[in-house]
């Protein structure tokens, strides 16, 4: 083998690897129960909600994050075995009665790029906000 043949062989292997990378990372599918966000160099560009096969730039340029369209929920006070959860929503009314209330917060992700990148843990933020609201309501009653 000559040096030229070795260079051509190495270039062929590298070219095939690059074509395989481009081929495998240029398309993605969005299920009917999902939504996707396209990231171009790490910046959220657009949200895709239509199901089906979609194309994008290859991996180093664009990436895809998929999120569910389902309705999520946080339950406060439904676990009767957990004494701490039951105490979280116990309130005193204006006539000094103790009320035990169950609370369910439901949400959907409507803006996936904001959900992914505006908070580190959006579910924990919602939990904290709801918990603080119940404690504030407890003080007002």
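The values are calculated or read from the model by the stated rules, or taken from the named source; none is laboratory data. These numbers were taken from a predicted model, which means no experiment stands behind them. Neighbour counts are summed over all protein chains in view; Cβ atoms, including those assigned to glycine, are modelled from backbone coordinates with ideal geometry.
Annotations for the structure displayed:
- Within the stretch 55-72, restricting attention to residues that are closer than 26 Å to residue 107 by Cβ and part of a strand (DSSP E or B), the residue that is farthest from the chain's Cα centre (by Cα) is 63.
- Top-ranked residue in the stretch 23-35 [being farther than 23 Å from residue 109 by Cβ and surrounded by 13 or more Cβ atoms within 10 Å (Cβ to Cβ); ranked as modelled with the lowest pLDDT]: 25
- Check on residue 41, at positive phi and surrounded by fewer than 16 Cβ atoms within 10 Å (Cβ to Cβ): yes
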